[in-house]
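Please read the structure below before turning to the comments.
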Amino acid sequence: MALAGKRILLIVSGGIAAYKALELVRRLRERGASVRCVLTPGGAQFITPLSLAALSEDRVYSDLFSLTDESEMGHIQLSRAADLVVVAPATADILARMAAGLADDLAATVLLATDKPVLVAPAMNVRMWAHPATQDNLELLRRRGVRMVGPNEGAMACNEYGFGRMAEVEEIVAAIAAQLGRAEGPLTGRRALVTSGPTHEPIDPVRYIANRSSGKQGHAIAAALAALGAEVTLVTGPTAEADPPDTRVVRVTTAVEMMAACRAALPADVAVCAAAVADWRVADLASEKIKKGADAAPALRLVENPDILASLGRGPDRPALVIGFAAETEQVVANARAKRARKGCDWILANDVSAHTGTFGGDANRVHLIRADGEEAWPALSKAEVGQRLAAAIAAALGGGTDGDA
Ligand code: CTP
């Protein structure tokens, strides 16, 4: 009964995924939450107020200008009486109206009037999801503190494939539980940015350059920071790792996208760059699949990618504490020391990624923590333990008033 006594205001907007909102109401109530529903006119095209009312055992609100509703439970009261506002499904339209601050129906008015945390579960066609208008709106909403769960990649009702499927009901319940049960700890009130995973740099529509990073270490660091109460944005390249609980996850593919997502996540108190960012990308991206031919194998011309760590370490919104990794295969500590200085970061975690160590993709890691004032050799630890130890060190440094060169 992780959600016992919690009050959730669920806004159901008009998408095919609205049918999953019915299941969501049931699952939330099973966990002890009470759910009050707002159904948009679009949502009512997909499910009926009657089914929502039956499952929530409450009346359903739809009309901004209903005299009865306003006298019994006005739009301000609807949000006041909730611990969390959830929009599921959140269509491209309602996200756009939220971003623009419109108040043209009951749902939009509640969202504009609320001072409660808001969680959205986007659901839309893959092209609508990918459209810059939608992505810009999401970025704006994220910066305002709106949290997001999904969307997932998969087959869609419109016979297309891609990102845009609403997160599964269990994922939404987990995101709600994480949101309402945010850990309290020494990093409460602190914002953290973590990068993780590899980047994929396309060569043509079907091929890319990648590396062996699994994302395990970066994800473990994000989880450990969140467990100490930090508000964590995890910017990750393609990985098979599950989203760490209670973090905001931004998925990217290329180094250039990772850089943009990191800049958008600032300001932050601490940045930990654990991603294995590709150093180069292909200069002349082929728009069609490169074919074998009579000619010799194609030569790839590469250009250097932006250095995200160096840009965070030297940029105008520099986090108080900037931490990088140094993946080395020889002279691990000496190379890492030089890297710390070169990239303008406060701490570097140096690890030996030679093939025999099994670090890339494995579950264990052996690191040296290199600071301006000294070094610590950590024993072989699991990646989860490295994350916890690092999070504790970050909490100590930030708590002690780090001056940017701890
Ligand atoms: N890094 C980054 N952006 C890049 C390259 C690296 O943010 N374009 C970050 C990594 O996340 C890591 C640190 O920089 O925290 C060092 O990465 P590493 O691969 O060890 O160093 P490189 O800068 O690539 O240097 P080299 O390959 O010459 O060792």
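The values are calculated or read from the model by the stated rules, or taken from the named source; none is laboratory data. None of these values were measured; they are calculated from a predicted model. Because the Cβ atoms are built from the backbone with ideal geometry, glycine has one as well, and the counts that use them run over all protein chains shown.
Output the number of the condition that Asn159 fails; it satisfies all remaining conditions of (1) over 15 Å from the mean Cα position of the chain (by Cα); (2) on the phi > 0 side of the Ramachandran plot; (3) surrounded by 13 or more Cβ atoms within 10 Å (Cβ to Cβ).
Unmet condition: (3).
Could you check the range 225-253 and list, in sequence order, the residues that are within 12 Å of the ligand (Cβ to nearest atom), more than 15 Å from Ser311 (Cβ to Cβ) and of a type in the set (Val, Ile, Thr)?
Selection gives Thr236 alone.
For the range 316-354, which positions are in contact with a helix residue (DSSP H, G or I) (Cβ under 7 Å, 6 or more places away or on another chain) and part of a helix (DSSP H, G or I)?
Within the range 316-354, Lys343 is the sole residue that qualifies.
Among all residue pairs at least 6 apart or on different chains, which show Cβ distances below 6 Å where the first residue, located in the range 93-117, is outside any loop (DSSP other than H, G, I, E, B) and the second is of a type in the set (Lys, Arg)?
Every condition considered, the pairs that remain are Ala108/Arg97.
Answer with yes or no whether Gly164 is surrounded by fewer than 19 Cβ atoms within 10 Å (Cβ to Cβ) and either assigned to a loop (DSSP other than H, G, I, E, B) or within 19 Å of the chain's Cα centre (by Cα) (or both).
Numbers: surrounded by fewer than 19 Cβ atoms within 10 Å (Cβ to Cβ): no; either assigned to a loop (DSSP other than H, G, I, E, B) or within 19 Å of the chain's Cα centre (by Cα) (or both): yes.
Considered against the rule, which asks whether it is surrounded by fewer than 19 Cβ atoms within 10 Å (Cβ to Cβ) and either assigned to a loop (DSSP other than H, G, I, E, B) or within 19 Å of the chain's Cα centre (by Cα) (or both), Gly164 comes out as no.
Would you mind finding the one in Arg318, Arg366 that is in the same structural domain as Cys273 (by TED's automatic domain parsing) and more than 17 Å from Gly215 (Cα to Cα)? Lay out the reasoning, then the answer.
Details: Arg366 fails: more than 17 Å from Gly215 (Cα to Cα).
Exactly one residue qualifies, and that residue is Arg318.
Output the number of residues of the range 311-325 satisfying the condition of being near the ligand (Cβ under 10 Å from one of its atoms) and surrounded by 24 or more Cβ atoms within 10 Å (Cβ to Cβ).
Step one: list which residues in the range 311-325 are near the ligand (Cβ under 10 Å from one of its atoms), which gives 311-313, 322-325.
Next, from what is left, pick out any that are surrounded by 24 or more Cβ atoms within 10 Å (Cβ to Cβ): 312, 322-325.
Selection size over the range 311-325: 5.
Please specify each residue of the range 1-56 satisfying the condition of being assigned to a loop (DSSP other than H, G, I, E, B), under 25 Å from Met124 (Cβ atoms) and in contact (Cβ under 8 Å) with a residue 60 or more places away in the chain.
The initial filter retains those residues of the range 1-56 that are assigned to a loop (DSSP other than H, G, I, E, B), namely 1-6, 13-17, 31-33, 40-42, 46-48.
Now narrow it down to the ones that are under 25 Å from Met124 (Cβ atoms): 13-17, 40-42, 46-48.
Across the range 1-56, the qualifying residues are Ser13, Gly14, Gly15, Ile16, Ala17, Thr40, Pro41.
In the list Ala334, Ala380, which residue meets the criterion of being surrounded by fewer than 19 Cβ atoms within 10 Å (Cβ to Cβ) and over 23 Å from Asp279 (Cα atoms)?
Of Ala334, Ala380, the one residue that is surrounded by fewer than 19 Cβ atoms within 10 Å (Cβ to Cβ) and over 23 Å from Asp279 (Cα atoms) is Ala380.
For the range 282-310, which residues satisfy the criterion of being buried (at least 17 other Cβ atoms within 10 Å of the Cβ) and either near the ligand (Cβ under 8 Å from one of its atoms) or at pLDDT below 95 (or both)? Before the answer, list the steps.
Of the range 282-310, the ones buried (at least 17 other Cβ atoms within 10 Å of the Cβ) are 282, 305, 307-310.
Correct list: Asn305, Asp307, Ile308, Leu309, Ala310.
Any residue in the range 288-315 that's among the small types (Gly, Ala, Ser): show its pairings with residues that are within 16 Å of the ligand (Cβ to nearest atom) and at pLDDT 90 or above at Cβ separation under 7 Å, as long as the two are six or more apart or on different chains.
Listed by first residue and then by second, the contacts come to Ala310/Lys343; Ala310/Gly344; Ser311/Met259; Gly313/Val322; Gly313/Lys343; Gly313/Gly344; Gly313/Cys345.
Please count how many residues of the range 345-356 are surrounded by fewer than 16 Cβ atoms within 10 Å (Cβ to Cβ) and within 15 Å of the ligand (Cβ to nearest atom).
Of the range 345-356, the ones surrounded by fewer than 16 Cβ atoms within 10 Å (Cβ to Cβ) are 354-356.
In the following step, the residues that additionally are within 15 Å of the ligand (Cβ to nearest atom) were identified as 354.
Within the range 345-356, residues that are surrounded by fewer than 16 Cβ atoms within 10 Å (Cβ to Cβ) and within 15 Å of the ligand (Cβ to nearest atom) number 1.
Of all residues being surrounded by 19 or more Cβ atoms within 10 Å (Cβ to Cβ) and over 25 Å from Ala393 (Cα atoms) in the range 255-281, which is farthest from the ligand (Cβ to nearest atom)? Just the residue, please.
Ala261
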